[in-house]
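The values are calculated or read from the model by the stated rules, or taken from the named source; none is laboratory data. These figures come from a predicted structure and were not determined experimentally. In this analysis, Cβ positions are derived from the backbone assuming ideal geometry, glycine residues included, and neighbour counts consider all displayed protein chains.
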Amino acid sequence: MEHYTAHPTAVIDDGCQIGEGTKIWHFSHIMPGCIIGKNCNIGQNVVISPEVVLGNNVKIQNNVSIYTGVTCDDDVFLGPSCVFTNVTNPRSAINRRGQYAKTHVGKGASIGANATIVCGHDIGKFAFIGAGAVVTKNVPDYALMVGNPARQTGWMSEYGHKLQFDAQDRAVCPESGQIYCLQNGNVTRTDV
């Protein structure tokens, strides 16, 4: 008996691991060797390639492609039609298998609709990638990135609010009351 739920049109290859409580929707393809955590929600028409690793409670919206070389920590959100690449210089006539660049998405990060993550660049924990952004470099924890190429325009709280730092480089999330500190170009949460 399966401990996850999959729509009858989903294709789930042998040799993948899927955690308890995960839901896989219409026309998605889960390839061999990937590991999917507990309580994930995989939308319609999603492709998860071999050896991809997803943590617990990852939410993937419709039409997302996650290619070999990508790992996502717990609580990651992947917006509709976002995409990850895995080869920096693809050519149809040249086989680059085995040259896949790695991309890691940190805990709680959100990637907006139609964003592209160019391979070999990591996304920090609780980072927020705006809709349509094209990420071409590593993204710090809590960073807000927008545009093409993506550039940092601010910092986000763990609850997804833009942080406003005072003269002492301190910010408070308006929803959670969590406290953040900006020091040497990095944001940390100080109330834990």
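Values computed for the structure shown
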{"item": "Residue in region 96-109 that is among the β-branched types (Val, Ile, Thr) and under 18 Å from SER49 (Cβ atoms) present", "result": "yes"}
{"item": "Only one of VAL70, VAL83 that is of a type outside the set (Gly, Ala, Ser) and crowded, with 20+ Cβ neighbours inside 10 Å", "result": "VAL70"}
{"item": "Residues satisfying the stated conditions in region 114-132, i.e. in contact with a Cys (Cβ under 7 Å, 6 or more places away or on another chain) and surrounded by fewer than 17 Cβ atoms within 10 Å (Cβ to Cβ)", "result": "ASN114"}
{"item": "Selection status of THR103, closer than 22 Å to ASP73 by Cβ, hydroxyl-bearing (Ser, Thr, Tyr) and in contact with a Ser or Thr (Cβ under 8 Å, 6 or more places away or on another chain)", "result": "yes"}
{"item": "Pair list, Cβ < 6 Å and 6+ apart or interchain, from region 28-45 residues that are closer than 18 Å to VAL83 by Cβ to residues that are acidic (Asp, Glu) and at pLDDT 95 or above", "result": "MET31/ASP13"}
{"item": "Cross-chain or 6+ apart pairs with Cβ under 7 Å, region 79-98 first and without any contact (Cβ under 8 Å) to a residue 12 or more places away in the chain, then of a type in the set (D, E, K, R)", "result": "PRO90/ARG96"}
{"item": "Residues satisfying the stated conditions in region 20-44, i.e. over 17 Å from the mean Cα position of the chain (by Cα), part of a loop (DSSP other than H, G, I, E, B) and under 27 Å from GLY98 (Cα atoms)", "result": "SER28, MET31, PRO32, GLY33"}
{"item": "Failed item, numbered, when GLY108 is tested on (1) outside any loop (DSSP other than H, G, I, E, B); (2) more than 19 Å from TYR67 (Cα to Cα)", "result": "(1)"}
{"item": "Members of region 121-140 that are within 17 Å of GLN183 (Cα to Cα) and over 13 Å from the mean Cα position of the chain (by Cα)", "result": "PRO140"}
